[in-house]
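Chemist: One structure coming up, written as structure tokens, with questions to follow.
The values are calculated or read from the model by the stated rules, or taken from the named source; none is laboratory data. Remember, predicted model here, so these are calculated numbers, not experimental data. Cβ placement follows ideal geometry from the backbone for every residue including glycine, while neighbour counts extend to all protein chains displayed. To get the accessible areas, we keep the full protein, side chains included, count just its heavy atoms, and leave off ligands, DNA and RNA. Shrake-Rupley method; radii C 1.70, N 1.55, O 1.52, S 1.80 Å.
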Amino acid sequence: METPKKFEKMRKDLEIISEKTRYKILLTLLASKEKLSFSQLKELLPSIPDNSLNYHLNVLKEQDFIKNEKRTDYKRSEPRSFYSLSKRAISLLDDLGLTKVKEEFQVLFKQMT
């Protein structure tokens, strides 16, 4: 018996986000009310080394789970990247029931910062 395409796609998506660092990143972005820079993510996720955080952000970006917005309106001349969840990630997290507890995540997130 073949798995329906919807479930096969979800299985593949879950395989990507089930890696613990990627899952932490997604939940951190879900809990945030605004886009987060690399520095902000690093501060909120201190147990993740810079190179690992960068790698997993790139994986999530390539798989269209996060959006990356570059901003140049800072003192330094190079642009800074700000990350947020993509529609694909929000849809998957909603299917998992996690967006229903978003407000609770945001309260916890605010207490941490």
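Chemist: Could you run through region 22-51 and say how many residues are acidic (Asp, Glu) and open to solvent by less than 10 Å² (accessible area, probe 1.4 Å)?
Modeler: Looking only at that region, the number is 0.
Chemist: If I filter region 45-60 for residues that are of a type in the set (A, V, I, L, M, F, W, C) and touching a Ser or Thr at 6+ places or on another chain (Cβ under 7 Å), do I get at least one hit?
Modeler: If we filter region 45-60 for residues that are of a type in the set (A, V, I, L, M, F, W, C), which is where we start, we get 45, 48, 53, 57, 59-60.
Filter once more, keeping what is touching a Ser or Thr at 6+ places or on another chain (Cβ under 7 Å): 45, 48.
Yes, some residue in region 45-60 is of a type in the set (A, V, I, L, M, F, W, C) and touching a Ser or Thr at 6+ places or on another chain (Cβ under 7 Å).
Chemist: Another one. Could you check, for region 60-81, whether at least one of its residues is surrounded by fewer than 16 Cβ atoms within 10 Å (Cβ to Cβ) and part of a helix (DSSP H, G or I)?
Modeler: Yes, the conditions are met somewhere in region 60-81.
Chemist: Right, next: What are the pairs with Cβ atoms under 8 angstrom where one residue, in region 61-74, is farther than 12 Å from residue 26 by Cβ and the other, located anywhere, is part of a loop (DSSP other than H, G, I, E, B) and of a type in the set (Ser, Thr, Tyr)? Sequence gap at least six, or different chains.
Modeler: Going by the 8 Å Cβ cut-off, the qualifying pairs are 64/86; 67/86.
Chemist: What about residue 19, is it surrounded by 10 or more Cβ atoms within 10 Å (Cβ to Cβ) and in contact (Cβ under 8 Å) with a residue 12 or more places away in the chain?
Modeler: Considered against the rule, which asks whether it is surrounded by 10 or more Cβ atoms within 10 Å (Cβ to Cβ) and in contact (Cβ under 8 Å) with a residue 12 or more places away in the chain, residue 19 comes out as yes.
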